[in-house]
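Report on the structure given below.
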Amino acid sequence: MSAVLDSLSRFYASSIGKKILVALTGAVLVIFVLGHMIGNLLIFAGPDAINEYGHMLQTALHGGGVWIARLGLLAAVAIHILATVQLTRQNRVARHDPYRQQKPQVSSKSSRAMIWSGLTILAFIVYHLLHFTVRVGNEYNGEAYKTELHGETVHNVYKMVIDGFSWAPASIFYIIAMALLYSHLSHGVSSLFQTLGLTTHRTAPVFKTLGHAYATLILVGNCSIPVAIWLFGYGR
Amino acid sequence: MSLLNLQLKVWRQNRGQSGHFQDIEAKDIPDHASFLEMMDIVNERLIAKGEEPVAFDHDCREGICGMCSMTINGVPHGPEKATTTCQLHMRKFRTGDTIWIEPFRATAFPVIKDLVVDRGAFDRIQQAGGFVTVRTGSAPDANAILIGKEVADAAMDAAACIGCGACVAACKNASAMLFVSAKAGQLNSLPQGQPEKDRRTLAMVRQMDKEGFGNCTNHYECEAACPKEISVRWITKLNRDYAVAAVKESFVGQQERAEGGE
């Protein structure tokens with residue numbers, strides 16, 4: 001037992017071990033982001049579609065499903081951040097006396113700014129959860145945001161999203177956060193294949209293109225909601 | 001042949017002290033001189049003036065020993081692709097150019113003097129596992145172990161690493177992954193390297209971490225700076241080999257043995 005734990009803690013203590021955990025938790029979050037976006041796009045299918053979807057998420061497994069998902073995602077986010085912050089600190093120490101002139105030749109700005117795009121996305125996640133999940137500082141938990149669906153009283157997700165994005169500052173912050181998520185994914189998706197040891201000479205360009213395409217898909221899909229509501233008055 | 005007039009900004013530092021850039025005028029440099037020959041000319045003039053010459057590393061001067069270093073205008077080994085500093089020629093510069101010359105900067109490569117850094121960390125990583133334990137005795141038959149041409153070629157690509165440290169110098173995080181992955185990958189690819197593969201991979205990565213190199217974040221600046229064009233696919237292989245070795249070590253440990261009967 002303790003031999004296994006010793007080995008696992010040694011694995012986490014190593015540079016590659018931490019990176020593999022970052023890649024695995026990153027993969028979980030990459031898949032989550034896609035599912036989250038597809039669900040949210042139901043807003044364009046009308047109030048009943050998204051309200052039913054929201055109600056389904058809340059009541060799956062007698063209400064336990066959403067908590068299993070939340071705890072799983074929280075663990076993934078926590079490990080992802082803890083490991084990357086530790087790795088970044090080690091990286092700073094590894095060159096304590098920086099170059100006065102340094103010319104990157106092939107790396108993208110996105111790849112060099114992962115820690116900053118990541119931490120900004122963290123701030124966004126906190127705001128997003130307070131905004132639409134915990135619903136503090138707004139009326140979204142009130143009676144005005146209840147609606148009838150198939151004879152049941154459910155939370156009116158549709159009205160909440162429309163009202164939420166009708167306020168310009170919220171929409172602007174969401175769009176900025178999605179731009180940073182694009183930046184983060186454009187390096188992160190192809191990078192996770194490299195860290196997990198799956199990239200080959202032949203698949204490297206495929207993963208790179210796939211990463212950019214995936215990041216673009218998430219950007220366009222997620223931004224379409226605040227843009228449609230705030231700029232084009234969808235549902236207002 | 002034409003002569004170049006250059007403005008050098010050279011890093012001067014003594015071990016354990018903080019450094020600074022010194023402005024040095026390099027007049028009448030023949031454009032067919034190599035970068036190191038330019039440094040020789042500059043040093044001769046400094047000595048003639050009674051000043052301290054610039055310390056820099058060099059040995060074979062034909063691009064195979066891995067001794068020369070220097071970060072030139074922000075790029076390890078200078079602007080030419082797949083070229084060591086000693087093989088870089090002054091015809092790649094224009095008269096009037098300002099050239100910034102810095103050491104290979106990494107905490108694991110402490111500056112000894114000026115542009116000379118201590119790359120002993122690489123030797124210690126090699127000593128940790130970058131070898132194949134062979135029996136002593138007569139030379140084995142050359143064809144006793146069959147090796148596919150593709151495997152031999154791939155191992156040879158990794159073996160092209162001269163251990164100069166440009167990968168560390170180019171990396172935003174001063175990571176040594178390209179060097180370690182080439183050295184481990186060369187042996188891990190070959191049949192002779194198989195018996196010690198897991199032990200080697202774990203030992204070399206642990207030594208790398210212990211030396212205080214940074215962590216790879218997949219920017220691939222190392223591959224771009226490498227004078228021997230070592231591919232970052234060796235890093236992919238090291239990640240894979242390390243994961244497999246660590247899982248085996250955690251859950252299997254030593255070779256399972258049946259209980260001995262009385």
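Miscellaneous remarks
- Test: residue in the stretch B:168-185 that is within 14 Å of another protein chain (Cβ to nearest Cβ) and free of Cβ contacts under 8 Å to residues at least 40 places away in the same chain: no
- Residue under evaluation residue A:98, criteria (1) more than 22 Å from residue A:190 (Cβ to Cβ); (2) surrounded by 15 or more Cβ atoms within 10 Å (Cβ to Cβ); (3) not aromatic (Phe, Trp, Tyr), criterion not met: (2)
- Here the stretch A:13-36 is the region considered, the condition is being more than 10 Å from chain B (Cβ to nearest Cβ) and free of Cβ contacts under 8 Å to residues at least 40 places away in the same chain, and the residue that is surrounded by the most Cβ atoms within 10 Å (Cβ to Cβ) is A:36.
- The stretch B:211-247 - residue that is under 12 Å from residue B:178 (Cα atoms) and basic (Lys, Arg) and, of those, farthest from the chain's Cα centre (by Cα): B:237
- Residue list for the stretch B:58-79, filter: part of a loop (DSSP other than H, G, I, E, B), surrounded by 16 or more Cβ atoms within 10 Å (Cβ to Cβ) and in contact with a helix residue (DSSP H, G or I) (Cβ under 8 Å, 6 or more places away or on another chain): B:58, B:61, B:63, B:68, B:69, B:70, B:77, B:78
- Residue match in the stretch B:16-37 (condition: surrounded by fewer than 19 Cβ atoms within 10 Å (Cβ to Cβ), within 14 Å of another protein chain (Cβ to nearest Cβ), more than 19 Å from residue A:99 (Cβ to Cβ) and at pLDDT below 95): yes
- Among the candidates A:90, A:101, residue that is more than 20 Å from residue A:22 (Cα to Cα) and either of a type in the set (Ser, Thr, Tyr) or within 7 Å of chain B (Cβ to nearest Cβ) (or both): A:101
- Of all residues in the stretch A:126-145, those satisfying the criterion of being surrounded by 13 or more Cβ atoms within 10 Å (Cβ to Cβ) and assigned to a helix (DSSP H, G or I) are A:127, A:128, A:129, A:130, A:131, A:132, A:145.
- The number of residues in the stretch A:39-53 being free of Cβ contacts under 8 Å to residues at least 24 places away in the same chain and out of contact with any Asp or Glu (no Cβ under 9 Å at 6 or more places or on another chain) comes to 3.
- Residue count, the stretch B:114-144 (criterion: touching a strand residue (DSSP E or B) at 6+ places or on another chain (Cβ under 6 Å) and outside any loop (DSSP other than H, G, I, E, B)): 1
- Set B:55, B:82: member being in contact with a Lys or Arg (Cβ under 8 Å, 6 or more places away or on another chain), surrounded by 15 or more Cβ atoms within 10 Å (Cβ to Cβ) and modelled with pLDDT of 95 or more: B:55
- Against the conditions (1) out of contact with any strand residue (DSSP E or B) (no Cβ under 9 Å at 6 or more places or on another chain); (2) at the interface with chain A (Cβ under 7 Å from one of its Cβ atoms); (3) touching a residue at least 60 places away in the same chain (Cβ under 8 Å); (4) hydrophobic (A, V, I, L, M, F, W, C), residue B:213 satisfies every one except (1).
- Count - residues of the stretch B:39-57 that are in a loop (DSSP other than H, G, I, E, B) and among the hydrophobic types (A, V, I, L, M, F, W, C): 3
Results for (1) more than 10 Å from chain B (Cβ to nearest Cβ); (2) closer than 22 Å to residue A:80 by Cβ; (3) charged (D, E, K, R); (4) outside any helix (DSSP H, G or I), shown as yes or no for each residue.
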site	(1), (2), (3), (4)
A:177	yes, yes, no, no
A:181	yes, yes, no, no
A:186	yes, yes, no, no
A:199	no, yes, no, yes
A:205	yes, no, no, no
A:211	yes, yes, no, no
A:218	yes, yes, no, no
A:223	yes, no, no, no
A:230	yes, no, no, no
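The values are calculated or read from the model by the stated rules, or taken from the named source; none is laboratory data. Computed from a predicted model, the values in this text were never measured in an experiment. Virtual Cβ from ideal backbone geometry, glycine too; neighbours counted across all protein chains shown.
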